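Taking it in order: structure first as structure tokens, then the write-up.
The values are calculated or read from the model by the stated rules, or taken from the named source; none is laboratory data. Bear in mind the structure is a predicted one, so any value in this text is a computation, not a measurement. Here the Cβ positions follow ideal geometry from the backbone for every residue, glycine too, while neighbour counts run over all protein chains shown. All accessible areas refer to the heavy atoms of the entire protein, side chains included, with ligands and DNA or RNA removed. Shrake-Rupley method; radii C 1.70, N 1.55, O 1.52, S 1.80 Å.
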Amino acid sequence: MHKLVSFFTLTLCFNLFSQQANVNPQLDIQMVNKNNQLPSFIVFSNAVLAALTSTNISDWFRSNLGANAEFNLMALGTQLDIAGNTHTRYRQYYQQLPVEGSMVITHTKNGAMRSLNGAYYPTLNINVNPALPETDALNKAMALYSNAVFAWQNPEAEQMLKVIQHNPMATYFPKAELVVFGKNFSQQPEDFRLSYKFNIYTTTPLSKQYVYIDAMNGELLGTEELIHTTEVKGVAQTGFHGTQSIQCDSLAPDSFILREFGRGNGIETLNAQRGNRLDSSIAFISTSSNWMLNNADKDEVALDVHWGLEKTYDYFQEKLLRNSINDSGYKLTALVHVNNKYNNAYWDGQFVNFGDGDGTKYRPFTAVDICGHEVAHGLTQATAGLRYRSESGALNESYSDIFGKCVEYYALPDSFTWIIGKRIQFNGDYLRSMSNPKLKNHPKYYDGQFFQNPSNPDRNNDWGGVHSNSGIQNYWFYLLVQGGSGKREDVTKTQYWVSGIGWDKASNIAYTTLTNYLTTQTDYIDAASFSIIAAQDLYGMGSKEDRMNQMAWYAVGLADLPTVGLQKIALSTTVTLSPNPANEQLQVRFENNSNAVRTIEICDVMGQVILQQNIANGSTIDIANLVTGVYFMRFADGTCLKFCKL
């Protein structure tokens with residue numbers, strides 16, 4: 001809160017100002033500008049109310065505050081508050097030139113102007129005819145960036161600007177604007193100068209600055225870093241998530257763009273205009289940082305996406321200590337309104353793309369968990385590179401589900417659910433459930449009910465069930481976070497019980513597994529094994545986190561580690577099993593081509609020995625009579641290999 005000014009101090013300031021200008025002594029001056037002692041908040045008496053309107057406000061300043069003939073106020077815009085009061089912003093001009101840093105706001109109630117506040121300079125006296133050519137001023141400004149790469153030197157950036165502004169002549173090349181500017185941002189009337197104002201944008205190093213050059217003698221009067229100061233705090237009226245705070249970029253006092261540079265290399269949300277190409281997409285623009293895009297085109301969903309990407313970046317940064325998907329600040333670019341009535345969202349290798357839904361079954365695919373989900377595909381691409389087919393594809397989808405839900409819980413803990421896509425479907429339907437995948441006919445147990453055969457993946461079978469078989473790891477993660485109990489789906493119906501370890505530790509295990517261990521074709525068996533190693537890396541062997549992680553994998557049919565001794569697995573490259581998964585026969589090869597005979601045991605996940613056999617290099621083992629499921633091949637030296645019987 002502002003401290004109240006004593007009557008003596010206020011009177012002294014007012015008297016100092018009165019000595020310099022012809023000020024109406026009847027004005028009710030509530031506050032003064034401490035930098036120049038000009039009245040900064042004035043409440044109007046009833047006598048003034050009848051005489052002051054928006055059309056004669058400049059004349060009123062001349063009559064009551066000593067403004068000279070060159071003083072002029074021009075309205076920028078009006079805002080209506082919830083109480084019905086109107087607030088109008090004005091900018092000061094001096095002989096038709098804008099005065100930098102000026103802003104006057106009037107406050108009207110019941111049709112009468114009740115008060116005003118702001119910063120203004122009523123007695124400026126400046127020569128408005130420049131002596132320095134614009135080209136000379138630009139050269140002086142450019143000299144400040146001797147080793148920089150300028151945005152206008154980037155053809156792609158230039159083309160995007162033309163698209164955004166719908167102007168084939170648009171360019172980042174600086175064009176001078178004549179303004180009145182206080183040297184070094186001074187508010188003293190004697191420090192104001194006629195100035196060339198340039199907007200200079202460099203990509204290396206990243207910077208966007210206003211540069212002010214004295215139009216008379218070429219002196220540098222000041223610079224203003226826009227990437228820092230114009231990323232204003234905005235308020236977004238989103239479609240799914242209510243009112244949220246966002247960051248946006250300011251192009252002018254009354255022009256804001258759905259773009260920011262405060263997170264990594266930036267976040268930008270564009271309008272694909274029912275297409276799917278970046279070069280035909282345009283920017284979302286608002287006249288206020290209080291974004292309200294509700295219209296027939298449902299532009300409000302762009303605010304859901306922009307906020308969702310910000311929350312995704314923040315989650316990665318705060319919880320995973322990762323700077324965007326590539327850990328180097330990768331710019332997050334989103335295209336909204338992709339295609340016509342498109343029922344999907346996707347990561348295309350560079351950008352995230354969001355359809356509007358058909359309006360019958362699906363709403364726009366722009367909820368926060370979907371934003372996190374699609375960006376997480378970029379994380380997987382930048383790390384494990386899991387191929388989008390069969391079990392590696394199911395893991396790819398599952399990691400996106402996991403981190404999408406992590407983002408949702410981070411952003412909206414009070415309304416979080418384990419349901420995926422609940423917000424985007426009508427009639428209470430949804431896409432998937434992580435707490436009970438079987439509700440949507442998805443498996444929660446490896447090779448259990450609803451498990452889809454991952455062989456022969458193609459578009460017609462969802463690339464081997466990537467969106468359905470993801471339920472297995474999804475359920476593992478749910479148990480690891482929250483805990484739960486039940487019975488396995490194998491013939492034993494063995495009871496399991498998991499005590500949840502919470503969001504942060506569970507997500508750390510998932511993240512470490514994905515980024516530090518998995519590769520392009522990792523399958524479920526290996527993913528479970530590496531997950532156990534990751535948990536032990538993070539929290540120690542035998543810790544609660546380790547034990548509960550093992551138990552969660554046991555619950556979904558991928559481990560019974562305390563019995564089998566999988567925690568002692570040697571991830572050996574000297575022995576290979578193929579094919580894996582296998583149907584009838586399994587071949588064993590030793591890398592060193594040794595002809596030595598070795599004894600192996602085949603065990604189920606309960607540790608029960610099913611088969612014992614002596615084998616040599618290249619031997620084939622008949623597994624046709626084994627029940628479908630997960631098995632382990634153990635060697636006398638402690639090596640333990642996993643395989644799946646189809």
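If amide hydrogens are placed 1.01 Å from N in the peptide plane, which non-local residues have theirs closer than 5 Å to the one on Ser115?
Phe44, His107
Which percent of the Cα-Cα distances in region 466-561 go past 20 Å? Write out the running numbers ahead of the final one.
Details: 1335 of 4560 pairs.
That fraction is 29 percent.
Suppose all protein chains stay in the model; what accessible area per residue would a 1.4 Å probe give for region 455-514, in Å²? Don't jump to the answer; show the numbers that get you there.
Values: 2400 Å² over 60 residues.
Per-residue accessible area for region 455-514 comes out at 40 Å².
On full extension of the chain, what length is gained from Gln153 through Asp537, given 0.36 nm per residue of separation minus the C-alpha to C-alpha distance?
Values: separation 384, 0.36 × 384 = 138.24 nm, distance 4.74 nm.
Extra length available between Gln153 and Asp537 comes to 133.5 nm.
Where Lys and Arg each count +1 and Asp and Glu each count -1, what net charge lies around Asn516 among other residues with Cβ under 14 Å from its Cβ? Walk me through the numbers before you get to the answer.
Numbers: positive: Arg322; negative: Asp327, Asp526, Asp537.
With Lys, Arg at +1 and Asp, Glu at -1, the neighbours total -2.
With labels modelled as points extended 7 Å from the Cα through the Cβ direction, what inter-label distance (nm, one decimal) is found for Gln317 paired with Ile282?
For the pair Gln317/Ile282, the computed spacing is 3.1 nm.
Treat each spin label as a single point 7 Å out from the Cα along the C-beta direction, and report the Gln495 to Asn184 distance in nm.
Using points 7 Å along Cα→Cβ, the separation is 7.9 nm.
Taking a probe of 1.4 Å, how large is the accessible area per residue of region 353-403, in Å²?
Working: 1200 Å² over 51 residues.
The answer is 24 Å² per residue.
Under a plain spin-label model, where a point goes 7 Å from the Cα along Cα-to-Cβ, how far apart in nm are Leu76 and Glu601?
If labels sit at Leu76 and Glu601, their model points lie 7.9 nm apart.
As an exercise, use a Förster radius of 41 Å and the Cβ-Cβ distance of Arg589 and Asp358 to find the FRET efficiency, rounded to the nearest 0.05. Each step should come with its number before you reach the end.
Numbers: r = 52 Å, r/R0 = 1.27.
For R0 = 41 Å, the calculated efficiency reads 0.20.
Could you tell me which of the pairs Lys140/Lys175; Lys422/Lys544; Lys438/Lys505 are separated by over 22 angstrom between their Cα atoms in the structure shown? If you can, show how the numbers build up before the last one.
Values: Lys140/Lys175 14 Å; Lys422/Lys544 33 Å; Lys438/Lys505 26 Å.
Pairs exceeding 22 Å: Lys422/Lys544; Lys438/Lys505.
Rounded to whole Hz and in sequence order, give me ³J(HN,Hα) for region 391-402 from the Karplus expression 6.51 cos²θ - 1.76 cosθ + 1.60, θ = phi - 60°, writing x for Gly and Pro.
6, 5, x, 5, 5, 4, 4, 5, 4, 5, 4, 4
Calculate what fraction, in whole %, of the accessible area of region 405-514 sits on carbon and sulfur atoms when a 1.4 Å probe is rolled over the protein chains.
Working: 2100 of 4600 Å².
It is 46 percent, rounded to a whole number.
Find how much the distance from Asn295 to Val627 grows on full extension, using 0.36 nm per residue of separation minus their present alpha carbon separation; answer in nm with one decimal. Working shown, then result.
On the way: separation 332, 0.36 × 332 = 119.52 nm, distance 5.81 nm.
113.7 nm is the gain from fully extending Asn295 to Val627.
Taking 35 Å as R0, compute the FRET efficiency from the Cβ-Cβ separation of Ser255 and Leu439 and round it to 0.05. Walk me through the numbers before you get to the answer.
Details: r = 47 Å, r/R0 = 1.35.
After rounding to 0.05, the efficiency reads 0.15.
Rounded to the nearest 10 Å², what accessible area does Ile213 have for a 1.4 Å probe in the complete protein model?
0
Could you give the length gained by full extension between Thr123 and Asp414, i.e. 0.36 nm per residue of separation minus their alpha carbon distance, to one decimal place?
Working: separation 291, 0.36 × 291 = 104.76 nm, distance 5.52 nm.
Roughly 99.2 nm would be gained on extension.
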